[in-house]
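First up is the structure itself, then whatever we jot down about it.
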Amino acid sequence: MSEIIEIIIFGTLRGAIFALAAFGFSLVLGVLGIVNFAHGVFVVLGALITWSLTAQIGINIVVASLIAAGSMGVLGVFIQKVFIDRVFKLHPLMILVQTFGVAVVATQLAELAWGGGERSLKVEFPGPALLTIGDIYIPTWDIVIFVISLIAAGVLVMIMQMTPLGRAVRACRDNIDSASLVGVDVGRVFLITMGICGIWSGLAGALVITLKPTGPYMHFFWTLDAFLVVVIGGMGSISGALIGGFLYGIINFAAYYYLPNQAPAIIFATLIALLMIRPQGLFGLGTTVRK
Amino acid sequence: MSAAIASMRTLIENDRIRLALLALSLVLVALGPFYLSAYWERVLIFVFFNIALASSWNVIGGIAGYPSFGHGVFFGMGAYTCAILIVRGGVPFPLAILGGGAVAGAFALLFIPLFRQRGFYFALSTLAAQFAIETVVRTWSFTRGLQSFDQGWNLPDLGSLDFFYWLTLGLLVACIGSIILMLRTRVGLALRAIHKDEVVAASVGIPCTRYKAIAFVFSAVWPGVMGAAYAPFLVFISSDNVFNISITLNMILIAIFGGIGTIIGPIIGGLLLSIIDRLSWAYLLQYHTLIYGLMIIAVISFRPAGIASWFKK
Amino acid sequence: MSAILEVTKVGKRFGGVEAVRDLSFSVAQGEILGMIGPNGAGKTTVFNLISGVVEPTNGRIVFDGKDIQGKRPDQICTAGIARTFQTSSLLSGMSARENVHVASLFRREKGGRTADQITDQALALCGLTGIAAKQTDQLTTSEQKRVEVARAYATGARLIMTDEVVAGLNGVETDQILDILQGINREGITLIFVEHDVRAVMRVSHRLVVLAEGTLLAEGDPQVVARSADVIRVYLGSRYADAR
């Protein structure tokens, strides 16, 4: 019994990071209706930039994380403006392959800069290293990250609900044609959406590198994880991605806990089953990309 | 000058001359082992594999419009089937090749439920299937996964380099020939209609699922056959080198690079990409993958119809 | 005359929206049934239900004595129902002839003819022989509409449903396509004719059904139905109906 509780707790804690890395992916899928294969690049570059700023230059980690997140926002806008926008009207396959090319190039450049190996960052944290709940020990840092992820989600929800910018993004998500009819500058919304995607995913990366070693080659796994989270939670909604992240965290943790060797098979089989049964996600808005 | 170009064009557009040119270049390629060095012979064998794989993918991904991201699985299955048949069963090589195609084709039938998805979702489902299957192969003792002393299969020496050159060239010609023949039947028109608009295709009486299944199985059988031929050529195979996701991605990239949905596209794409790949591998090793990625971005961003579209205008 | 198509208490919900509810009507063998109704009345949904593009939430649809609800679109086409689409649905990248030829190729009962013969006849019937080689994006609206009709005809359907086939055409073009449809009807093919242009509907229909808000408002002789107060009210607003 306590084993199951442990899996749920650790899975949920890990899930918050998955959710944070998937918010942008979900928004982009909902608003632009595309899958960005370079999504994971935001996460790994966010992580590596944070590492460089902190470990090499000695900048405070909070500032470093924000710089990393911001620069990923710029990268998102850049990718949208220079690449995706050009082929947006073509078959979605083209965007998949094009963004895959972007991911390959970005990874190669990152390997030139940081090398192909993994880096990790240890954070000195005041206070006890472990918290106990009953007889379960939980690293305090995991909880800190969990809380930061929730705050980041909250901020994003507030931006989406309360600002004119958020309203424009939501209008495009719900119906792009009517949004452009009522005067929303769709092209600009696309840029902003990719920027937001970059910032939040970059922040996820900054947190990830304090938890586990991260290397450039890992971008593809992060893209897949984000996709899984969105498939579980439904695209376009922040709360859906959050719930999807928690559930995926638990599934992921359980699969690796019980059957470490077969875990990918189990996770991907679950994904296919979900796509077959509920392509709009378990908690989706009921819309699906149909291209 | 322009008159000369025009007459050149009519010359090329003339079917008989076209066929003659094609036959001539085929003969030149077929005679390769007599004048090529072993290095270039190997390069061309890889080119043949690449073209055959991309052409097969093109049937489902380019012509029917269902971008499968799990097609490498069928190549891996062909390779494993061949290896297991030869090593465990002592089956003759030609039969093992047929076996590779048959197993890949039969397995492709299991993918039919995925055809309820389209676009990104289909791409993702097939990608997930690839990873799931790869994991099983990697960890199942029947396929010699997870055994530290023997992760994979060693095959006996089945032929010289020349033999494999002619074998893969023969299979490539058979593959492309069968695609051309299939597209000339009503299957071709059905697949094009499905690609353009499935609701309309169904409304004029095309049983879409059946034709998608035909296209998918067809485009899985050839990678299975090619995989079966690949295993003894490579001598040692494991999940790392025949189930790798890069095989799937290469099929897609080559088809798109050359010109998706056309017969000539994968041929041009396979030739150019393989050669660029080799050259940058030889001279710019450190930047090899980077160059590869840049070319993909460049072609899709500026020439989405592929290199083949240059020759049309 | 016996009914070739019977729609009985058919309903369709999309989420919370009831696009069609409790709809019943029948089409007699060999007639031209006009179907009118204001925007959002559910006309296109009715076509989608009959042609199998969407499945009814409840109710029965019987064609030629057989239940067809829940069947796939291609099965329904093979059973003998073809349709045109409101927005041009011609397959791009193909010629006019290829668009029609797709239908002939997949036709079951070819009556001893080849697919090519069927295609050529359908093109000739719709006055398209001269432009058969044109690509779809080079066709005029009128030509596109006629290719749609030719394609539906080439399937060998015994019931053809046309969805706004004269929308956007001028008078001459409208007359031309109405003549084609009447010619098709004279071969014994039943037609359901959905249109906004009431004059065109009145000209060719033997009988008229009026839909409003997803259900049947009126049914009967075109002249009589068109004058009924209910129909005028949904079309022109209650002021006009009372003023009469």
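Here the spin labels are modelled as points 7 Å beyond Cα on the Cα-Cβ line, and at A:LYS122 and C:ASP197 they lie 8.2 nm apart.
Compute the signed sum of charges (Lys and Arg +1, Asp and Glu -1) over the other residues within less than 13 Å, Cβ to Cβ, of A:ILE79. Overall, the nearby charge balance is +1.
Pairwise Cα separations in the protein assembly as shown fall into 10 Å bins from 0 onward with the following percentages, short to long: 2, 11, 18, 21, 19, 15, 9, 3, 1, 0.
Considering only B:PRO67, B:PRO113, B:PRO266, the Gaussian network model of chain B with Cα springs below 10 Å gives its largest mean-square fluctuation to B:PRO113.
Below 11 angstrom from the Cβ of A:GLY249, what's the summed charge of the other residues (Lys, Arg +1; Asp, Glu -1)?
Values: positive: A:ARG14; negative: A:ASP225.
Charge balance in the 11 Å sphere: 0.
Near A:ARG119, the amide H atoms lying under 5 Å from its own belong to A:THR214, A:GLY215; only residues 5 or more places off or on other chains count, and H is placed 1.01 Å from N. Taking other residues whose beta carbon is less than 15 angstrom from the beta carbon of A:THR132, and scoring Lys, Arg as +1 and Asp, Glu as -1, yields -3. Using the Cβ-Cβ distance between B:ILE112 and B:TRP166 with R0 set to 41 Å, the FRET efficiency from 1/(1 + (r/R0)^6) comes to roughly 0.70.
As a length-normalised measure over Cα pairs under 8 Å and 6 or more apart, the relative contact order of the stretch B:42-244 settles at 45 percent. Solvent exposure of the protein assembly as shown, expressed per residue, is 42 Å² of accessible area, with all protein chains present and a 1.4 angstrom probe. Run the reach check for C:LYS134 against aspartates and glutamates, Cα to Cα strictly under 13 Å, same-chain hits fewer than 8 apart removed. What comes back? Of all the aspartates and glutamates, those that pass the test against C:LYS134 - Cα under 13 Å, at least 8 places apart if same chain - are C:GLU98, C:GLU143. For the chain pair C and B, the interface hides roughly 1700 square angstrom of accessible area in total, found with a 1.4 Å probe. With R₀ fixed at 56 Å, the C-beta to C-beta distance from C:ALA133 to B:LEU95 puts the FRET efficiency at about 0.70. Given their separation in residues at 0.36 nm each and the Cα-Cα distance between them, B:ALA30 and B:ARG88 gain 17.5 nm when the chain is fully extended.
For the stretch A:76-207, what is the charge dipole size about the Cα centre, in debye to the nearest 20, if Lys and Arg each add +1 at the Cβ and Asp and Glu each add -1 at the Cβ?
Values: 9 positive and 9 negative charges, 95 e Å.
Using only the charged Cβ atoms, the result is roughly 460 debye.
Here's the picture: charge each Lys and Arg Cβ at +1 and each Asp and Glu Cβ at -1 in the stretch A:2-277, and of A:PHE125, A:LEU13, A:PRO216 the one pushed furthest to the positive end of that dipole is A:PRO216. Less than 5 angstrom separates the built amide H of C:ARG207 from those of C:ILE32, C:GLY34, all sequence-distant by 5 or more or on a different chain. Less than 5 angstrom separates the built amide H of C:GLN69 from those of C:ILE61, all sequence-distant by 5 or more or on a different chain. Converting phi to 3J(HN,Hα) with the Karplus coefficients 6.51, -1.76 and 1.60 and the offset θ = phi - 60°, the stretch C:206-221 yields 7, 8, 10, 10, 10, 9, 8, 6, x, 9, 7, 9, 7, 7, x, 4 Hz in sequence order, with x at every glycine or proline.
Here nothing in chain C passes the span test, since no DSSP H helix has an alpha carbon length of 18 Å or more along the helix axis and a Kyte-Doolittle mean of 1.0 or above.
Select from C:ASN48, C:ALA154, A:VAL43 the residue farthest towards the positive end of the dipole of the protein assembly as shown; place +1 on Cβ of Lys and Arg, -1 on Cβ of Asp and Glu, and compute about the Cα centre. Checking the options against the dipole of the protein assembly as shown, the answer is C:ALA154.
Residues of the stretch A:210-236 whose accessible area (probe 1.4 Å, heavy atoms of protein chains only) drops by at least 30 Å² once all protein chains are present, relative to their chain alone: A:PHE220, A:LEU224, A:PHE227.
Where the only charges are on Cβ atoms (+1 Lys, Arg; -1 Asp, Glu), what is the dipole of the stretch B:42-244 about its Cα centre, to the nearest 20 debye? Provide the component values of the computation, followed by the final result.
Values: 12 positive and 7 negative charges, 124 e Å.
It works out to roughly 600 debye.
Seen from a random direction on average, the alpha-carbon convex hull of the stretch C:27-184 projects onto 9.7 square nanometres. The Rg/Rh ratio for chain A is 0.96, where Rg is the radius of gyration of the alpha carbons and Rh is the Kirkwood radius. For the stretch B:9-145, the square roots of the Cα gyration tensor eigenvalues, ordered a ≥ b ≥ c, give a/c of at least 1.5 with a/b no greater than b/c, which places it in the oblate category. Within a straight-line Cα-Cα reach of under 30 Å, A:LYS81 can be paired with the following lysines, leaving aside sequence neighbours fewer than 8 residues apart in one chain: A:LYS89, A:LYS291, B:LYS196, B:LYS312, B:LYS313. Long hydrophobic helices in chain A, taken as whole DSSP H segments with a C-alpha length of 24 Å or more on their own axis and mean Kyte-Doolittle hydropathy at least 1.0: A:2-31, A:61-78, A:92-114, A:140-162, A:186-208, A:238-258. Among the listed pairs C:LYS43/C:LYS110; B:LYS212/C:LYS9; C:LYS43/C:LYS145; C:LYS12/C:LYS110; C:LYS9/C:LYS71, those with a Cα-Cα distance over 25 Å are C:LYS43/C:LYS110; B:LYS212/C:LYS9; C:LYS12/C:LYS110.
Provide the buried accessible surface between chains A and B in square angstrom, both chains summed, 1.4 Å probe, rounded to the nearest 100.
Summing both chains' loss of accessible area gives about 3800 Å².
Entry for the stretch B:42-244 at q = 0.08, 0.19 Å⁻¹: log10 I(q)/I(0) = -0.27, -1.29, Debye formula applied to identical alpha-carbon scatterers, no solvent contribution.
In the stretch B:190-208, what residues drop by 40 Å² or more of accessible area when the other protein chains are put back, versus the chain on its own? Use 1.4 Å, and skip ligands and nucleic acids. Going by heavy-atom accessible area, the residues of the stretch B:190-208 that drop by at least 40 Å² are B:ARG192, B:LYS196, B:VAL199, B:VAL200, B:ALA202, B:SER203, B:VAL204, B:GLY205.
In the calculated pair-distance distribution of the stretch C:94-170, the portion above 14 angstrom amounts to 56 percent of the Cα-Cα pairs. Check cross-link reach from A:LYS122 to the lysines: straight Cα distance under 29 Å, and skip same-chain residues fewer than eight apart. In chain and number order, the partners are A:LYS212. Surface composition of the protein assembly as shown: carbon plus sulfur atoms hold 62% of the accessible area, using a 1.4 angstrom probe and ignoring ligands, DNA and RNA.
The values are calculated or read from the model by the stated rules, or taken from the named source; none is laboratory data. Note that this is a predicted model, so its numbers are computed, not measured. Quick reminder, even Gly has a Cβ in these numbers, built from the backbone with ideal geometry, and neighbours come from all protein chains shown. Protein only, heavy atoms only, side chains kept; ligands, DNA and RNA dropped before computing areas. Shrake-Rupley method; radii C 1.70, N 1.55, O 1.52, S 1.80 Å.
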